[in-house]
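*Asks:* Quick one: the structure is below, and I'll ask about it shortly.
FYI, it's all coordinate maths here, none of it is from the lab. None of the values given here were measured: they were computed from a predicted structure. Note that we place each Cβ from the backbone using ideal geometry, even for glycine, and neighbour counts take in every protein chain shown.
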Amino acid sequence: MKQVKIDQEECIGCETCVEICPDVFAFDAGLNKAYVTNPEGVEQKCVEESIGSCPVSCIIIEEV
Ligand code: SF4
């Protein structure tokens, strides 16, 4: 099974993924970083778009 993850060490908090795909990503204002709310939402088209749009390429799809 595949899941989507964010490498929070690398995330610069640009919020692009949250804007593109709010069903899967959310923003932690305290940490100034995005996080995944729905790892199983990996098949959604907006996840692919977010991966392509992340400026630091820190959105990852993992086989679990
Ligand atoms: S697009 Fe990338 S850098 Fe921007 S908030 Fe999302 S995970 Fe972080």
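*Asks:* In nm, what is the difference between 0.36 nm times the number of residues separating Leu31 and Ser57 and their Cα-Cα distance?
*Replies:* Extra length from Leu31 to Ser57 when fully extended: 7.5 nm.
*Asks:* Quick one: Karplus J couplings for region 2-15, per residue in order, coefficients 6.51, -1.76, 1.60, θ = phi - 60°, nearest Hz, x for Gly and Pro?
*Replies:* Along region 2-15, the couplings run 9, 9, 9, 9, 10, 7, 5, 4, 8, 4, 9, x, 6, 6 Hz.
*Asks:* Something else now. What residues have an amide H closer than 5 Å to that of Lys33, excluding those fewer than 5 places away on the same chain, when H is modeled at 1.01 Å from N in the peptide plane?
*Replies:* Under 5 Å from the amide H of Lys33 lie the amide H atoms of Asp28, each far enough along the sequence or on another chain.
*Asks:* Below 8 Å between Cα atoms, with a sequence gap of 6+, how large is the relative contact order for region 2-63 in percent?
*Replies:* 46
*Asks:* Per the chain: cysteines with no other Cys C-beta under 4.7 angstrom?
*Replies:* Cys11, Cys14, Cys17, Cys54, Cys58
*Asks:* Something else now. Might you report the magnitude of the Cβ-based charge dipole of the chain about its Cα centre, with Lys and Arg at +1 and Asp and Glu at -1, to the nearest 20 debye?
*Replies:* In total the dipole reaches around 40 debye.
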